[in-house]
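Asker: Okay, here's the structure, questions in a sec.
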Amino acid sequence: MHFLILTALKAEALPIIEVFGLRKNSKTHLYQNNNISLLITGVGRDKTKERLQNLHQVYSNFDQTIVANVGIAGGNPDQTKIGELYRVNAIFDEKTKQCFIPDILCKHPLIELSLTTVTNSVNNNGDHFTGLVDMEGSVIFQQMSRHVSIHRLIFLKLVSDHMDIDDRQRIIDVTGLIAKQVDLIKSILLSLDHHVLTNNVILSDKEFDIIQRGTAQLSLTETQVHQLMEWTENYVKLTGNNLEKLAPFFIKKSNSKKERNQIFDSIREFFSA
Amino acid sequence: MIRSENSFLPDFSHVYLESAAKKYELTNLCLDRFSNSKVVEIPDYKTVFNRPGQDFQTQKRSMKLILAVKKPPYIYKGTNMLQDGGFRNFYYNTPILNCLYNCNYCFLQGMYPSANIVVFVNQEDMEKAVESEIKIRPYSNDPLMLSISYNTDLLAFENILPMTRLWIEYSKTQPDLNLEIRSKSTMFDPISDIESTKKVLLAWTLSPEKVVNENELDTPPLIKRLKAVQKAIKKGWRVRLCFDPIILYSGWEKDYLDLLDQIKSEISFNEIFDITVGVFRMGQDYFNRIRKTKPESKLYYQTYTNEAGVVTLSQSDREVVKVFIRENLSGFIPEDRIHFWD
């Protein structure tokens, strides 16, 4: 399993970078170490949207990835404690009025609350909001649910204030707050390192590569590629055999449509048998 | 698939409550039943149920409950996938979407984007729709036969919410209404105190133990289903046996023969109302949707025919099944009481 951690601020990221031993890749701006990556999205919906829309250029392997948004949030004074970490079970977008629900399938030790994503920071009347308030959550859900199944979208929010601090006087030790909970954050993420949470695959990387090279060698049409993939998956699933016997079909490069179709028919016969 | 792996939350750890569903009695019953669950209020059940990016089989490991208010239509005409069993006014409705069980061959995993269970709490609206449909049924001399367990296993839910009971009691108030309640559950006991009625057909799907173990995940074993069938017959209920789908694999004949022998030894066929028989079949769209998720079950990697948008076994294989059933039930039940899907 791979983990992609998203934070809005560098101050939020620092303890996570340290605990996972991440290093910045100057080309991609991702902090990485083996299967853990971290991206700083910036604050607010516009910056976050822009960074995430371009994420696919520097990050792939979404089928095997858990995306975790970790960051500070304002908290309803009656429901939350400053410094406490919460798991988000519903996200309401104050601007668009949309509602997003992450799937919480695995056990975790946190209290769950809803999150409201706002456009401007909230400095007073914080008790008007239920649960938690942030400025990126709904955008992260919208953008990342295009890449990963929603049971692999995790929102962990640490309450930094009760939305009662004027921006001009706002001095919050964000890094210190996250640092106190970083071991808990780490253990929650690693507890999700479970193969059943990834997308199902039938062909191994090696088998997939054989088919890819074969289709290029034979210059198969898109429809033929699709059929070949389906037959191959059926074959592997039903027989449990590897694709060794398919190799001879891919040795020769096809020089004409006719030749390509003849080889393709032979492959069809092989699978039918 | 092992559903009860420790890392997963128990089923119904979360209840998603549609705001409009708050005022209904069934909602309160449900919330009382799951008082330890996390309740999340949502504006519309589709906010949860129809989300893009859901993984049906992963969700099956920790199903959530959604309480919602059904909007029209409340009742549907039977489809060609369903067997009408000779009832000419054949309809179905959907008091619950999705099932506690997880049968490999089930179309629900292709039909719905979510494995979560939706309970529609506005029972009265559904009942009124049935009454309206009864009035305009095409064959006015025949009753309206309503399948209430088409998109779920309603009886399996009886310990959670007594919806089968509600529908049976309701059917008794409607002279022209019959019900079919199809199940794989053993939940006869929760309804055993209800006085039996000929208006209700309790239908049990029976499969060889191998098929149960390999394809009917989370369902009760055959022997327990047979016990439920026996109890229902003893209490005077009309009982239908469903061999549907009959799954073909190497050695299927022996397993199904053993199944029929076991049934013959434990149940008198004279007391069975009728039998329905079918093979694996599924709408092309649903089949493709399931296949795309690369399911574990080998059923989705085999060769089928496509007949008018329905993926199913070849005509010759279907014929083999028919002959097999006819031969092996000959003398036990009149042929006109065996209904084949085809």
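Asker: Applying the Karplus parametrisation 6.51 cos²θ - 1.76 cosθ + 1.60 with θ = phi - 60° to the phi angles of segment B:334-342, what ³J(HN,Hα) value in whole Hz is obtained for each residue in order, glycine and proline being reported as x?
Answerer: Computed from phi, the couplings for segment B:334-342 are x, 4, 6, 9, 10, 10, 9, 7, 5 Hz.
Asker: So what is the relative contact order of chain A, in percent, for Cα pairs below 8 Å that sit 6 or more residues apart?
Answerer: Rounded, it is 19 percent for chain A.
Asker: Write down the Kirkwood hydrodynamic radius of the protein assembly as shown, to one decimal in angstroms, obtained as one divided by the mean of 1/r over all alpha carbon pairs.
Answerer: 27.4
Asker: Could you work out which residue, out of A:I178, A:I82, A:I263, moves most in a Gaussian network model of chain A, that is, has the largest mean-square fluctuation with Cα springs under 10 Å?
Answerer: Among A:I178, A:I82, A:I263, the largest mean-square fluctuation in the Gaussian network model of chain A belongs to A:I263.
Asker: Under 5 Å between amide H atoms, partner at least 5 residues away or on a different chain: which partners does B:T276 have, H built in plane at 1.01 Å?
Answerer: The answer is B:L241, B:C242, B:F243, B:H339.
Asker: From the backbone phi of segment B:325-331, what are the Karplus-calculated ³J(HN,Hα) couplings (6.51 cos²θ - 1.76 cosθ + 1.60, θ = phi - 60°) in whole Hz, Gly and Pro given as x?
Answerer: Those phi angles translate into 5, 4, 4, 8, 10, 4, x Hz.
Asker: Hey, fewest Cβ within 10 Å first, where do A:H147, A:H128 land in order?
Answerer: Lowest count first: A:H128, A:H147.
Asker: Could you list which residues have their amide H under 5 Å from that of A:I154, counting only those 5 or more apart in sequence or on another chain, with H placed in the peptide plane?
Answerer: A:V67, A:A68, A:N69
Asker: Inside 10 Å of the C-beta atoms of A:224-235, what's the mean count of C-beta atoms belonging to other chains?
Answerer: Average per residue, whole number: 1.
Asker: Here is a follow-up. Starting from the eigenvalues of the Cα gyration tensor, five times each then square-rooted, give me the equivalent ellipsoid semi-axes of segment B:129-176, largest first, whole Å.
Answerer: Semi-axes from the Cα gyration tensor: 24, 12, 8 Å.
Asker: Where does the charge balance sit around A:I210 when Lys and Arg score +1, Asp and Glu -1, over other residues with C-beta under 12 Å from its C-beta?
Answerer: Residues near A:I210 contribute -1 overall.
Asker: Under 37 °C and 0.692 mPa s, how fast does segment A:2-197 diffuse according to Stokes-Einstein, given a Kirkwood radius computed over C-alpha pairs? Answer in µm²/s, whole number.
Answerer: Here the translational diffusion coefficient equals 197 µm²/s.
Asker: Something else: In Å, what Kirkwood hydrodynamic radius results for segment B:14-340 from the alpha-carbon pair distances?
Answerer: Hydrodynamic radius (Kirkwood, Cα pairs) of segment B:14-340 is 20.6 Å.
Asker: Sticking with this structure for a sec: What list of ³J(HN,Hα) values in whole Hz, one per residue of segment B:10-23 in order, does the Karplus curve 6.51 cos²θ - 1.76 cosθ + 1.60 (θ = phi - 60°) give from phi, with Gly and Pro shown as x?
Answerer: Rounded to whole hertz, the list is x, 3, 6, 5, 10, 10, 9, 10, 5, 3, 5, 8, 4, 7.
Asker: Just need log10 I(q)/I(0) for segment A:1-98 at q = 0.10 Å⁻¹, Debye formula, equal scatterers on the alpha-carbon atoms, no solvent, rounded to two decimals.
Answerer: These q points yield log10 I(q)/I(0) values of -0.31.
Asker: Oh, and also: Which residue fluctuates most in the GNM of chain A (Cα springs below 10 Å): A:Y59, A:Y31, A:Y86?
Answerer: Checking each option, the largest mean-square fluctuation is seen for A:Y59.
Asker: I've got another one for you. How about segment A:241-273: which trypsin sites (Lys or Arg not before Pro) there lie in a loop by DSSP and see at most 16 other Cβ atoms within 10 Å?
Answerer: The qualifying sites are A:K252, A:K253.
Asker: Restrict the search to segment A:111-202; then list the trypsin sites (Lys or Arg not before Pro) that DSSP places in a loop and that have at most 11 other Cβ atoms within 10 Å of their Cβ.
Answerer: A:R170
Asker: Do the alpha carbons of any pairs in A:K107/B:K292; B:K184/B:K234; B:K22/B:K64 sit beyond 20 Å of each other, and which pairs?
Answerer: Exceeds cut-off: A:K107/B:K292.
Asker: Taking every pair of alpha-carbon atoms in segment A:205-272, what share in percent sits in each 10 Å bin, from 0 to the bin with the longest distance?
Answerer: Bin by bin from 0 Å, the calculated values are 21, 61, 17, 1.
Asker: Below 23 Å, Cα to Cα, which lysines can A:K95 reach? Residues fewer than 8 away in the same chain don't count.
Answerer: Straight-line reach from A:K95, under 23 Å: A:K47, A:K49, A:K157, B:K46.
Asker: Another question, if that's okay. Are there any trypsin sites (Lys or Arg not before Pro) in segment B:32-115 that are in a DSSP loop and have at most 14 other Cβ atoms within 10 Å? List them by number.
Answerer: Answer by residue number: B:R88.
Asker: Pop a pseudo-label 7 angstrom from the Cα along the beta-carbon direction at both B:K231 and A:R268 and give the gap in nm to one decimal.
Answerer: For the pair B:K231/A:R268, the computed spacing is 5.5 nm.
Asker: Right, next: Taking amide H atoms as placed 1.01 Å from N in the peptide plane, list the residues 5 or more away in sequence, or in a different chain, whose amide H sits under 5 Å from that of B:Q54.
Answerer: A:I150
Asker: Further question on the same structure: With the alpha-carbon atoms as the only input, what is the per residue convex hull volume for segment B:1-146 in Å³?
Answerer: Spelled out: Cα convex hull of segment B:1-146, divided by residues, is 130 Å³.
Asker: With each pseudo-label sitting 7 Å past Cα toward Cβ, what's the B:D142-B:Q302 distance in nm, one decimal?
Answerer: Calculated label separation equals 3.1 nm.
Readers should treat all values here as calculations from the given coordinates under stated rules, not as data from a laboratory. Quantities reported herein were computed from a predicted structural model and do not represent experimental measurements. Using ideal geometry, Cβ is built from the backbone for each residue, glycine included, and neighbour counts are taken over all protein chains shown.
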